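Right, one structure below, let's go through it.
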Amino acid sequence: MVKIGQCTLGTTPRIVAVVDEFIPVEKLLQLKGSADLLEMRVDCYRQPIDRIVEYLGGIRAKAGFSMIGTVRENDYTKADRCAIFRAIMPFVDCIDIELGAPISDEVLAAASGKTVIVSEHDFTATPDEAALRSMVDRAKRQGADIVKIATMANSREDVVRLLQFTHSCPEPLVAIGMGPLGALSRVIAPLFGSLFTYGYLTKPVAPGQLSAAELAVEMGRYFPG
């Protein structure tokens with residue numbers, strides 16, 4: 001059984017609300033009952049690290065959500081992404097690091113005791129089954145507790161292949177089909193074994209992403225109760 005903080009995964013579908021800006025804690029509290037986890041997209045904040053730490057600490061103290069800390073490389077973070085990861089580590093329950101990231105060993109060392117997501121994004125295509133299997137194997141060797149694969153769905157066949165792979169994969173997996181054709185996968189992938197799905201709060205941060213509110217409604221149709 002895999003957990004992120006106090007949130008147990010695999011027993012019921014979970015929704016991760018993506019916090020890509022400084023949303024007031026009071027608004028995040030309104031997500032109770034519709035979202036299970038928060039992904040703190042620290043790379044999107046573009047704020048001094050002391051302000052980011054203060055914000056995360058306030059959410060940690062008041063909101064009661066288990067949190068994923070994600071720091072993608074961009075112009076703001078690339079100078080010292082490891083330092084940002086280390087600074088946020090006391091306030092998150094899980095970190096997300098990219099497959100093959102050069103800083104992975106250093107970040108995972110700092111994340112000792114935290115759940116680790118190793119993620120791979122293909123914004124152009126959905127690879128064949130062998131390539132998807134290779135992604136999972138490499139992510140596990142990198143230290144993943146959970147493997148996240150997000151691929152661009154250019155056809156219905158792409159969506160079917162991704163969902164079939166998810167169903168057959170024995171490792172803890174989050175699978176997402178991006179783009180308009182992949183949108184349905186964000187709702188039904190948990191039927192095939194995907195541990196959770198991501199929904200935005202203010203604006204999509206990936207192609208075809210649905211809002212957390214939309215996901216709560218749509219997943220209620222497939223997973224009543």
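Readers should treat all values here as calculations from the given coordinates under stated rules, not as data from a laboratory. Since the model is a prediction, treat every value here as computed from it, not as a measurement. Note that each Cβ is placed from the backbone with ideal geometry, even for glycine, and that neighbours are counted across all protein chains shown.
Observations on the structure shown:
- Taking each residue as 0.36 nm, the span from K62 to Q30 lengthens on full extension beyond its C-alpha to C-alpha distance by 10.3 nm.
- Cα-only radius of gyration and Dmax that characterise the stretch 1-135, units Å: 15.3, 45
- Label separation (E157 vs V2): 2.9 nm, computed from points 7 Å beyond Cα along the C-beta direction.
- Global size of the stretch 70-115 as Cα Rg and Dmax, reported in angstrom: 9.8, 29
- Estimated vicinal HN-Hα couplings, Hz - the stretch 53-70 in sequence order (Karplus 6.51, -1.76, 1.60; Gly, Pro = x): 4, 4, 5, 4, x, x, 5, 4, 7, 10, 8, x, 7, 6, 10, 9, x, 10
- Among C94, C7, sorting on how many other beta-carbon atoms sit within 10 Å of each Cβ, with the fewest leading, yields C7, C94.
- Taken over the stretch 1-70, the percentage of Cα pairs per 10 Å bin, counting from 0 up to the bin with the maximum distance, is 19, 54, 23, 3.
- Ascending count of other beta-carbon atoms within 10 Å, so fewest first, for Y45, Y76: Y76, Y45
- Sorted by Cβ neighbour density within 10 Å, fewest at the top, the residues D128, D75, D43, D96: D75, D128, D43, D96
- Listed by chain and number, the lysines whose C-alpha is less than 21 Å from the C-alpha of K3, apart from same-chain residues fewer than 8 away, are K32, K62, K114, K140, K148.
- Antiparallel bridges, percent of DSSP beta bridges restricted to the chain (to nearest 5): 10 percent
- Cβ-defined net charge surrounding S194, 11 Å radius [Lys, Arg +1; Asp, Glu -1]: +3
- The distance between label points at C82 and A110 comes to 0.9 nm (points 7 Å beyond Cα on the Cα→Cβ vector).
- The alpha-carbon atoms of the stretch 118-225 define a convex hull whose volume equals 99 cubic angstrom per residue.
- Charge sum, other residues only, whose C-beta stays under 13 Å from I146's C-beta, Lys/Arg counted +1 and Asp/Glu -1: -1
- Computed over the chain: relative contact order in percent, which uses C-alpha pairs under 8 Å that are six or more apart: 19 percent
- Across the stretch 93-225, the mean sequence separation of Cα contacts (distance under 8 Å, 6 or more residues apart), normalised by length, yields a relative contact order of 17 percent.
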